Amino acid sequence: MRPAALAALGCALVLAAGCGGSGGATHDGGVGSGPLPPLPPPVSTGKAPHIVKPWVTTSGGKFVDRNGQPVILHGFDMSVGMSHLAPVAQQLGANMARVYVGWDAIQPEAPKDGHYRWDAKTLAKLDKIVAALRAVHINVLIDFHQFHWSPYFAQATCKAGKSVCRASGVPAWYYAGGRFPATRSGSSHAEAAFFTTEASRSQAYYSAFAGMIAARYARDPNVIGYEILNEPHPGKLGDTTEATNTMLRWQAGIRRAIQKVDPTRTVFIMCRGGGEGVGTANLKPFGSLDHMALDWHDYFNGLSGGLDAAGDNWVPSWADTHNQETSSYTGTEAAQARVLRVPLDRARFRGIPLLVGEWGFHTGAPGSDTYQQQMLDLFQKEGVSWTRWVLATGGGFALLNADDTPTPEANQLGAAMRATTTTTP
């Protein structure tokens, strides 16, 4: 849909706010008063010139190479600024990197005088890591990442005791008018509005960003495709099927914008959060599912809990079922298989490939090797592609020591990948 048409739809959706837009007060203080960002400048939506066919695409529910032969992708999540780690990824046997970068990093400033202002330094980093990974024959999925939704809400969503609070995703300028207070409640309302009452405006801005990236990397054969939005949060929409499908309808619009620019690359979607909503998700708004894949994040702790009967929500709770809240791993492969079966079956039913785009455990914690072996066994048995979080020196699940040498966890992964790796041109 064209930006002008999207804007018109936004007016129809929220007459109370008006197209100039301002929030209205709510009983819990989640919405303030302030304008929406101005209408985005129009962009060309034509097909990118000189598209180079990617090394890996999709066919028949699988990732395949240029000869149509199935390929299992495996590797790491990598930050956009980590191009120097490409040789490390190669030495460990990776043939895939999920490179994460936020919309806010690429467009830290609002458009001015009818022109988009893309950040040259961030784009140079992205160019550099794509080229570095291409030089060592590693495919790249460019992940449009969000964490804690937006830098605008970083302080409000910070964990207790943290002095430095980081967030990525929606640029802070998008909320500069003050229509949402910089509080947890404000963030929750902002997330919901992004996909509903502000969908016309957010889609138009995001389509311009996504289309620009798709055009920029249409000539890079190792770029397999683009992930629309990492772990989309419904906020006040709640953890429901309706919320999931609302966010998927929004993503369908972004996929169309990417495919207008480059129809040869795969667009990866997520349903709700990291692993929720997949059981009852409705993919009909996407139309044809050619060159589409499902990303699902698996941090399940392998104990007695798991996904509910619908395959949508964690029971008894997220905290009770996730490795982030588990100090030592004591789970079983049978429990892991039970949970993985849900997204695997849904992807196969829809005829699209599954990528477990994030998984992992605390570095050096008891049972980390057992956990990894269970997951590696399952991935190999089911032919599942994966990227492990994270090829970095910092963070609880980091796979590198301070001197960039592999941890025992990384070496375990490396041994498995080198034994089964599939190379690309």
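Taking every DSSP beta bridge that has both ends in the chain, the antiparallel portion is near 30%. The stretch between Lys260 and Thr332, if pulled fully straight at 0.36 nm per residue, gains 21.5 nm over its current Cα-Cα span.
Remark: the chain carries a charge dipole of roughly 1280 debye about the Cα centre, counting +1 on each Lys and Arg Cβ and -1 on each Asp and Glu Cβ. DSSP bridge analysis restricted to region 60-156 gives an antiparallel fraction near 15%, rounded to the nearest 5. When the charge dipole of the chain is built from unit charges on Cβ atoms (+1 for Lys and Arg, -1 for Asp and Glu) and taken about the Cα centre, the candidate among Gly274, Thr45, Ala218 whose Cα reaches farthest toward its positive end is Thr45. Distance between the 7 Å Cα→Cβ label points at Gln373 and Arg184: 4.0 nm. Only Lys, Arg, Asp and Glu carry charge here, each on its Cβ (+1 for the first two, -1 for the last two); on that basis region 246-339 has a dipole of about 600 debye about its Cα centre. Legend: calculated FRET efficiency, Ser59 to Gln155, from the Cβ-Cβ distance at R0 = 56 Å, rounded to 0.05, equals 0.75. For region 289-391, the set of GluC sites (Glu not before Pro) satisfying both a DSSP loop assignment and a count of at most 16 other C-beta atoms within 10 Å is empty.
At a Förster distance of 60 Å, what's the computed FRET efficiency of Arg418 paired with Ala110, Cβ-Cβ distance as r, to 0.05? Intermediate values should be presented prior to the final figure.
Working: r = 47 Å, r/R0 = 0.78.
Given R0 = 60 Å and the Cβ-Cβ separation, E is 0.80.
Between Thr45 and Gln324, the simple label model (points 7 Å from Cα in the Cβ direction) yields a spacing of 3.5 nm.
Work through the residues other than His233 whose Cβ is under 14 Å from its Cβ and net out their charges, Lys, Arg +1 and Asp, Glu -1.
Working: positive: Arg184, Lys236, Arg272; negative: Glu191, Glu231, Asp239, Glu276.
That works out to -1.
Summarising the label geometry, the points placed 7 Å from Cα in the beta-carbon direction at Thr405 and Ala120 lie 4.0 nm from one another. Exposure proxy for Ser385, Ser163: other Cβ atoms within 10 Å of each Cβ, ordered fewest to most, give Ser163, Ser385. Between the listed residues Tyr100, Ala257, Thr58, the Cα displaced farthest toward the positive end of the dipole of the chain, a dipole computed from Cβ unit charges relative to the Cα centre, is found at Ala257. Subtracting the Cα-Cα distance of Cys165 and Val52 from their residue separation scaled by 0.36 nm leaves 36.7 nm.
Please get the size of the charge dipole for region 88-147, origin at its Cα centre, with Cβ charges of +1 on Lys and Arg and -1 on Asp and Glu, quoted in debye to the nearest 20.
For this selection, approximately 200 debye.
What the Cβ-Cβ distance of Arg341 and Phe147 gives, at R0 = 30 Å and to the nearest 0.05, is a FRET efficiency of 0.60. When you filter the chymotrypsin sites (Phe, Trp or Tyr not before Pro) in region 191-278 for DSSP loop state and at most 12 other Cβ atoms inside 10 Å of their Cβ, nothing is left.
Computed from the coordinates by the stated procedures, all read-outs in this text should not be read as laboratory data. Small disclaimer: the values here were computed from a predicted structure and weren't measured. Every residue, glycine among them, receives a Cβ derived from its backbone with ideal geometry; neighbour counts consider all protein chains shown.
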